[in-house]
1. Based on Cα positions only, what radius of gyration and what Dmax would you give for the stretch 118-157, in angstroms?
2. How big is the shadow of the Cα convex hull of the stretch 1-74, averaged over all directions, in nm²?
3. What net charge is computed for the residues neighbouring Trp104, neighbours being all others with C-beta under 14 Å from the C-beta of Trp104, Lys and Arg scored +1, Asp and Glu -1?
4. Which values, in whole Å and largest first, are the semi-axes of the equivalent ellipsoid of the chain obtained as the square root of 5 times each eigenvalue of the Cα gyration tensor?
5. What helices does the chain hold that run 27 Å or longer along their axis, going by alpha-carbon atoms, with a Kyte-Doolittle average of -1.0 or more, using DSSP H for the helix calls?
Amino acid sequence: MQLPDDIQQAVAPLFQALPPDHAMADLVVPMTGHARREHVELAERAIGNPVIAARPTLVAAVWLYVDELDRSHRVSQSIEDPTGSYWHGIMHRREGDFSNSHYWFRKVGDHPAMQTVDDADYDGHRFIDQVEAATAAKTIPVELVARQRAEWRALFAWCAAQHA
């Protein structure tokens, strides 16, 4: 993932402790109490860095990265643009509120970051439906976890590039 140097430096300790190919391993997580304490502490340090703190889209993203959905929700719901709606929709999908996730994805529209998801089959609404079906079947298909990570990386990198 290509990030501006200052953002890369801010998140490097978090990404070292919780590499992107290990983060967000569950498709649906509880709103609170799921994140590992050491990851939350590293997220707090990253968010405390002025380069991240000044960008609510990156703050919402970092909280999602460590499965702190409630904290991500508080930030994303205050971002009143398609990017905020995108993070908000992802958060609701990850909490298992699939109809609310669809609502927020309708507000997203055709976000430029969607074109950069490293997954030829990516469609936000179809992905919500696939996660809902997997959750109902009590399965965690590896391809959906990979898609979730690719989606997060694409949107995070897009947000970071907007402020470079």
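Here, each number is a calculation from the coordinates, and none is a lab measurement. What you are looking at is a predicted structure, and each value in this text was computed from that prediction instead of being measured. Counting neighbours? That spans all protein chains shown, and the Cβs are built from the backbone with ideal geometry, glycine included.
1. Over the stretch 118-157's Cα set, Rg and Dmax evaluate to 10.2, 32 Å.
2. 4.7 nm²
3. -1
4. Result for the chain: semi-axes of 22, 18, 15 Å.
5. Flagged H segments are 142-162.
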